Structures are given as structure tokens and as C-alpha cells.
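Written below as C-alpha cells is the structure these notes are about.
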Amino acid sequence: MNKKKTSAARKRGSSLKRSIKKSIAMKKAASTKLFTSVEFAFPKTRQEKARATAVELNLGQTQSLRDLLKSTGWS
Amino acid sequence: MSRLTSGERQQIVDQALVLIEQLYVHLPLKRAMHAVDPIQRLRLLKHRLKGMSERAFHNEMISIFTRLRDLHTNYVLPEPFRHLVAFLPFRVQEFFQGSRCHYIVTLVSPLVNDPYFKPGVIVTHWNGAPISRVIEVIADREAGSNAEARHACGLEALTIRPMSMSMPPDEEWVVVNYRDGRKKRESRFEWEVFTPDAATGTLDPLSATGASAHVLGLDAKAEVERRVRKLLFAPEAIDVERTVAKKYKQASRTAKTLASDDYFSTHSIMPDVFSFHPVDTPNGTFAYIRIQTFNVEDDEGLVHEFIRIAGLLPQNGLILDVRGNGGGNILAGERLLQVLTPRKIDPERLHFINTPLTLKLCEKNDFIGQWKESIAQAVETGSTFSQGFPLLPQEKYNDIGQTYHGPVVLVTDALCYSTTDIFTAGFQDHEIGKILGTVKNTGAGGANVWDHELLSQCLPGPNSPFQALPKGASFRVAIRRTTRVGAHSGVPIEDLGIAPDEIHRVTKDDVLNGNVDLFKHAGKILASLPVYSLLVEVQKVKGGSANVTAKTRNIERLDILLNERPRESRDISSGSIRFKLTGLPRGAKLLELRGFQKGELAACKRINL
């Protein structure tokens, strides 16, 4: 009887472990997704901030290499 | 944005052919040393122009020029690229732990958002590739003339690319993996582009004008990179530049009156050129002067400012640091040598390549007229190069004489180029002191460089071989090669460079804590060298006489010369001597005291009476 209980408990335990693992993985995925969405949702704000700092640093107006290459037909 | 027409591209290639085939002084050397054939590549490019994209055309032009492995000889892209620089907002430098090289972030701009990405983090990967491999690949695209120079250029190009002469980065952003202590992290950075301003008092590295334009020896790209680093990471240095400019403006003061201002006991009146301070080492306190550039219009001003700041510092030894100095005005570099040695300076010789076009240039322009005869003789002699002459008569390199009498250690690296190579070669050839290199060679640029505009001015007119280039495109070309003097007489600097006496591998403490280990090493060398001193006071008295007091150290004999003629010789038993010079002739202008130790000239002082 005891042995059966232990076996059932073991089964329950490993199922619990699996579900915890799954939940961690889901949370991780969600946080990555959230982070990724922040990266892509507000890139301009971050870039604008960086550009304002560039002006303060006497660098003048900066632009991304991507924009420059597009405007010159190089990309 | 307007693109180059097919005709304009052809015009650019034709002008490149004129420069490389008929003027480029290192062509025989580069063909031998690097097995390149730029002329055939240019002809092929001309043949295949049709259907080529704008980017492919510029890439091929840049590649032809960088494969010459010559930082002097460049294709300068037209607008808008001519003045643009692509950058990442941090700097990576290398340091050694034993024989292992690591790459460390040393400067971070406020533009960086990642709070963990700060000076001291170790870069391991770049876009997924090991950082050392990435630097190797970038270095191969750079023009450095030896392995050390290419590696150093590659490391600089990792985060800064002047688009006037470099291919733009292939990637629009980079993903950097780094170690912050034991933690491994990753950050992403976008390449940004901007137009840097120019420092006051310096020459435009891409198109210098004025009297100094034909005496330049400069790695233009290094000069642009230096400016960008200053703007990105050293706003306080920009503030100093502005303060000095303001002080100049106030009551329109000159350099001489300005120097009496207290501010200039700790700052140079040429803040873009010099920085200085005393340094403490376990072997004593020594003077430290960094020369960031020789790129100035006023070579005499640079020499006098050096004399002033060296006078403010300890006289028992000088650490003279020219690392990262891409050169500039050759006269500034060569004329500076005299203040560090009692020996007469024999300047380097400059040679043209013998071609009908260099002959024509010398025939039509008086300032290079002395080269004409030997180029014309080449028809009979078959010589590849002309006879060599210095830029100025020899007296101009010896018109001030020695002012610093302590021992000197010169610190070099692989980014020392052109005028700095010439300065370093002169330092070694005149046995001024020891050279401490962070690598086993300098950048190895031995030439005088002219740009296309200057060439057009030298041979103007509709029949000139130099035709206007479209949309601000240009070229720079090594036109006169330099050869060494003294024990290395006749040896070219190009590609060979100058080997240091000792090597100091840069440590982590050096890059993060102000060169502490480097100073320790330099201090040890200085402490092993003899210190000489020769302080002279002259008081003119009536009747054509003068009282002379000389305080000396490690000097046994003084020879006294008047107007460069021997007058008398005196032995010195104690450290000082007083004597009267009588019967001074009218017109006695120059008094020179030469101090000897064991029969060897050890110190010299010139006084204008």
C-alpha cells in the first residue's frame, strides 16, 4: 500500500515538476516577447533620446546608417 | 541625392590612373612588398563600369587604394560621404594578460542605454563571431602597411568609419556579447552617422590649404577618427578648446602674452596638440607630454609651445608619448627634434619618382625646382627615384637648439604615422633617447602627401593632366618618399617603420587607470639614463663684455662659441662656473655653450645676445 502511495505521489510529483517547468518556460517566453515588443514598439523614442544627447555632445544632427544608405540608394 | 553619371565615374578612374601611374612614389615598393597591380585594376574597372551599381563602384575604388597598404594614398568619396563618419557609441581597446590579448571597452558615450555596458567590460563576440576574428577581417580591409598597423587600424575601424575613405560597415547594427565580471551579457547598437566639426588651428586633413599644404605627412583617416573620439568621449576637452579660443579672442592676445595667463600653467595654448603633467613612478617623478597630432599650420608655434610646457615640468626625465599620432606638418615634427638633443639635426631627404609628369611639376614650380635636375638625368642614369633634399635648408632645423636636457623616452605604437614616423626615425637616428613601443613597429608611413586640388594648382589650365573631379570626390597621393639619415642613411620609412628599443605590452591597468604600468616601465628606463643639466645666465656689461653663469650637472667641460665660431674651452670641477667674456665684437648675436662628459657632447645651450 505504502509502495503504491509512494508511486502515485511520485507520479504527481513529476507531473507537478513538469507543470512548473512549463509555467517557467511560458513566463520566460512571455517576458522575452514583452521585451521584444518594447524594443520594437518604441525604438523611435529611444533613438530620439539618443539623438538629443548627440546634439548636447556637440555631435550635431545624427542619422542612422540604415537611413543614409537608403537615401543614397546604397541599400 | 544625385548619383555619379557614367562619364563622371570614368573621369574619376582616369584621374586615379594619372596619379598612380605617373606620380605615386611608392608604386615600385608596393608592387614588390604587397604584390599589387593597381593600374591593371583601374583599367579593368574602367572597362567594366557599365552596369555597375554606385556602391560597387566606390567599393572597388576604395579597395584598389586600400590594397596599396598606404594610408597616405586615398580615394576620397564624393558628397555626401566625404564629410560623414559612421560610429558606434563606445571604444574598444586591447590589453595583454601574459601573451593573451583581450578586448576591453574603455570609453562609453552617454548615448549608450545599457546600464551594464560600461568601461571595463570585456568584449567576447561581435555579431556572433569571436571578436579577434572580426578585427582580423576588418583589418584586412584597412590600408595599414604592416601587420601591426593593419591590426591597429582594424581595431579603430571596429567602432569608427570615416566614410570618405572607408567602406561603410556591412551591418546596420551590431550585437555585442560581453563579460561584466563573471556575468555574460549581450547588447545591440545601431551604427549612426554624423559630420564632425574641425578643431581650431588644425588643417583640414582632406584638403589642406595654405603654406603647409605641400609639407604634409598625415594619415587623414586617423586624424578624423581622433576628432570623432574627442567629440564622442571627451566633452571636457572640447570645453578646454573653447576656453582657449575665447582667451585668444579676448583683447586679441597672441600666443606669447597668452602663455603668462595662470590657466596655461596646466593647459596648453594648443589643446588639440598637447596635454602634459608630471607623473609619479617608483623611480621618481618625471615629465609627461603627449603630442596628439602634428597637424598644425604653424610649425614654429608648435615648437615654442613644446619648449614652454617642457619648461613647466620636471627636468630630470621626459616621457614623450606620440601614440595614436597620425602625423601632420612634417616641419613641425622635424624642427621639434632639435630641442631634445645637443646634436645638429640632419633632416630626412625627400625623393620624387622619376617620370615625365614629376619633371614637369618640378619645372613649373619653383618651390620644388631643386629636384628638377636629377629627375631629368634619369633618362641617362635609369634611376627610379630623384636625388633627395630636405624640405628646408638645414639651418632651419637647428635655429633654436636644445632646451630640454634631461633624458627622454619616446612612447610609440602602430598608429604613429608619417610625420610621427619621421619624428621617431629622427629621434632614433640622432640617438636622442630610448624608444618604448607598445608593439614592435610604427605605422610605417614615409612620405609627403599632396591632394588632387594642390596638384591642380601646381599645373593649372585646360591642358593640365589634373582635371576637376565631380561632386567633391578627390584623391591624396604620396608624392615624395622620405629616407632616413645617420646610421640608417638612405633607408626608406615606408612599410619598414621604426623598431622600438623596448616593448611594453599594454595592460588592463594601462587602459583603465591612466597608463600606470607604462609609466612604471618608462620611469625605469629614464632612471637608468644619465641626467644632464645646463642652465645659463648672461649679463651684458658695458665695454663689449658679458658675465656668464652656468649651472651644470654631469658636465666636465664647456666649449664656448660665439656666432658659431669657437671662443674658449673651460673645465668644470664643481657644478657651476662663472666667467667673463671680454672683447665681444660688434654684431655678436649668438652665444652657444656646449657641455661635454667623457669627451662626448652631452648638452647644449644657445643664447641670443
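With θ taken as phi - 60° and the Karplus curve 6.51 cos²θ - 1.76 cosθ + 1.60 applied, the whole-hertz 3J(HN,Hα) list for region B:474-490 is 7, 9, 10, 9, 6, 9, 10, 8, 10, 10, 7, 10, x, 5, 9, 3, x Hz, x standing for glycine and proline. Pairs over the 24 Å Cα-Cα cut-off, from the set B:Lys440/B:Lys605; B:Lys118/B:Lys221; B:Lys30/B:Lys230; B:Lys50/B:Lys471; B:Lys364/B:Lys471; A:Lys49/B:Lys247: B:Lys440/B:Lys605; B:Lys118/B:Lys221; B:Lys30/B:Lys230; B:Lys364/B:Lys471; A:Lys49/B:Lys247. Phi angles of region B:516-533 translate, via the Karplus equation with coefficients 6.51, -1.76, 1.60 and θ = phi - 60°, into HN-Hα couplings of 4, 6, 4, 4, 4, 5, 5, x, 5, 5, 4, 5, 8, 9, x, 9, 10, 8 Hz per residue; Gly and Pro are given as x.
DSSP bridge analysis restricted to region B:386-502 gives an antiparallel fraction near 55%, rounded to the nearest 5. Could you tell me how many degrees, from 0 to 90 and to the nearest 10, lie between the Cα long axis of helix B:372-381 and the main elongation axis, the longest principal axis, of the Cα atoms of chain B? The angle comes out at about 70 degrees. Between the amide H of B:Leu218 and those of B:Gly328, B:Thr419, B:Val449, distances stay under 5 Å, these residues lying 5 or more places away or on another chain, with hydrogens modeled in the peptide plane.
Placing unit charges on the Cβ atoms of the charged side chains and taking the dipole of region B:34-82 about its Cα centre, the candidate lying farthest along the positive direction among B:Leu49, B:Leu68, B:Phe81 is B:Leu49. Just so you know, the averaged projected area of the alpha carbon convex hull for chain B sits at 31.3 nm². By the Cα gyration tensor, region B:114-270 has an equivalent ellipsoid whose semi-axes, rounded to whole angstrom, run 36, 22, 13 from largest to smallest. How big is D for the protein assembly as shown, in µm² s⁻¹ as a whole number, if Stokes-Einstein is applied with the Kirkwood radius of its Cα pairs at 37 °C and 0.692 mPa s? This corresponds to a translational diffusion coefficient of 117 µm²/s. With both residues required to sit in region B:294-450, DSSP beta bridges show an antiparallel share near 20%. Think of region B:346-502 as a dipole: +1 on every Lys or Arg Cβ, -1 on every Asp or Glu Cβ, centred on the Cα centre; then among B:Pro500, B:Gln402, B:Leu359, B:Leu359 lies furthest on the positive end.
Phi angles across region B:570-583 convert, under the Karplus curve 6.51 cos²θ - 1.76 cosθ + 1.60 with θ = phi - 60°, into 3J(HN,Hα) values of 10, 7, 10, 9, 9, x, 10, 8, 10, 8, 10, 9, 10, x Hz, Gly and Pro given as x.
Amide H to amide H, with H built 1.01 Å from N, B:Ser533 comes under 5 Å of B:Arg553, counting only residues 5 or more places away or on other chains.
Around the amide H of B:Arg567, modelled in the peptide plane, lie the amide H atoms of B:Ile560, B:Leu561, B:Leu562, all under 5 Å away and 5 or more residues distant in sequence or on another chain. Defining a contact as two alpha carbons under 8 Å apart and six or more residues distant in sequence, what relative contact order in percent does region B:106-231 show? Over region B:106-231, the number comes to 22 percent. Computed from label points 7 Å out along Cα-Cβ, the spacing between B:Arg182 and B:Arg570 is 7.1 nm.
The average projected area of region B:299-377, computed from the convex hull of its Cα atoms over all directions, is 7.6 nm². Summing Cβ point charges (Lys, Arg +1; Asp, Glu -1) relative to the Cα centre of region B:371-421 gives a dipole of roughly 40 debye. The residues B:Ser166, B:Ser456, when put in order of fewest to most other Cβ atoms within 10 Å, stand as B:Ser456, B:Ser166.
Annotation: the residues A:Trp74, B:Trp126, sorted from fewest to most other C-beta atoms within 10 Å of their own C-beta, follow the order A:Trp74, B:Trp126. Once you have a ≥ b ≥ c as the square roots of the Cα gyration tensor eigenvalues for region B:63-196, tell me rounded if a/c is under 1.5, and otherwise prolate or oblate according to whether a/b is larger than b/c. Because a/c hits 1.5 or more and a/b fails to exceed b/c, region B:63-196 counts as oblate.
Explain nothing, just the number: dipole magnitude of the protein assembly as shown about its Cα centre with +1 on each Lys and Arg Cβ and -1 on each Asp and Glu Cβ, in debye rounded to the nearest 20.
Values: 94 positive and 74 negative charges, 808 e Å.
My answer is approximately 3880 debye.
The antiparallel fraction among DSSP beta bridges confined to the protein assembly as shown stands at about 85%.
Read-outs: derived from the displayed coordinates by stated rules, not from any lab. Predicted, not measured: the structure shown is a model, and the values here were computed from it. Reconstructed Cβ throughout: ideal geometry from the backbone, glycine too, with neighbour counts over all protein chains shown.
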